[in-house]
1. Compare the peptides 4-14, 125-135 by average per-residue count of other Cβ atoms within 10 angstrom and give them in order, highest first.
2. Mind giving me the nanometre distance, one decimal, between the label points for Met26 and Ile85, set 7 Å out from Cα along Cα→Cβ?
3. Peptides 15-25, 102-112: what's the order by average Cβ count within 10 Å, highest mean first?
4. Going toward the positive end of the dipole of segment 2-116, with +1 on Lys and Arg Cβ and -1 on Asp and Glu Cβ, which of Ala45, Ser19, Leu115 do you reach last?
5. Once you have the Cα-Cα distance between Glu260 and Val189, take 0.36 nm times their residue separation minus that, and quote the gain in nm to one decimal.
6. With +1 on each Lys and Arg Cβ and -1 on each Asp and Glu Cβ, how big is the dipole of segment 2-116 about its Cα centre, in debye rounded to the nearest 20?
Amino acid sequence: MIVTRLRQISLLLIAMAISALAFIQMFQRTAGEFPMQYAGMLALAVVLFLVLWGLIVRFQPYASQSILPCVLLLTATGVTMIARIDQSEGWAVAQRQLIWLCIAIVLSALLIIFLKDYRVLRRFSYVSMVVGLVLLLAPMLPFAGQEVNGARIWIRIPGLGQFQPGEFAKITVILLDAVKTGAPPGTVVTRSRDELPRHFSLVISPHQIGMKEVLGAAQLCGTLPRIITLVGVEAGHTDFCQPMSAEVREAVPQALDLVETLIARALEEYQARKDAHA
């Protein structure tokens, strides 16, 4: 049993070592030294990850032991990039990111303790869809939404800061992105769930490096949403820090109208199923 537990935790320890090395090396190369104000939060995050692993072993002994190390590596990569970009601001954003990470780990631990069987969540699939749609549309409300760097995807909570409600609404997925399908720039295209490239065979979106991995992992875990639709506008170019081309700018309203149509259709289907079960 001890040998099995050591083998299981070894992946997490390796992920921690890689993350710590990347974090320290980044500061050594950019600032010349490691800022000690990070030491306390990083130590707390390490302890919480170890506690979370122990709770998984205790309450979910048959759960995959590879997911948590992957989560740690992806999170550490994101925090390292934020800290690297935000050095000119005194590292405040990265510090807040670490605080939210610790809060997320605690919430995950509570979920593992109190949710014995995740399959009970299937009872709330339609409720989750409606809640997801409400969250996605919430930033459009004048009293709640806030525009940051030209993107109105944030909600400000007085005293707590701001967050992206779309992060909680990804059970129901409509992807809106620039695409590369070979069509003329400005062409609006759609792809259904079965047409999305989940197996790395075809590149459609310039941002697909993350999208394919997420969809592929969701398929392996059996949590892939039942309906996924990609609404895309054929990009004129994919250069960084460049404005939209005229063709793409003119096509954006058409793409948004299509998204509204898809949302309305999903609500109608939900209501029809609800009436059928009444």
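Read-outs: derived from the displayed coordinates by stated rules, not from any lab. Remember, it's a predicted structure, so these values are computed and weren't measured experimentally. Every residue, glycine as well, gets a Cβ built from its backbone with ideal geometry; the counts of neighbours run over all protein chains shown.
1. 125-135, 4-14
2. 1.1 nm
3. 15-25, 102-112
4. The Cα lying farthest towards the positive end belongs to Leu115.
5. 24.1 nm
6. Dipole of segment 2-116, to the nearest 20 debye: 420 debye.
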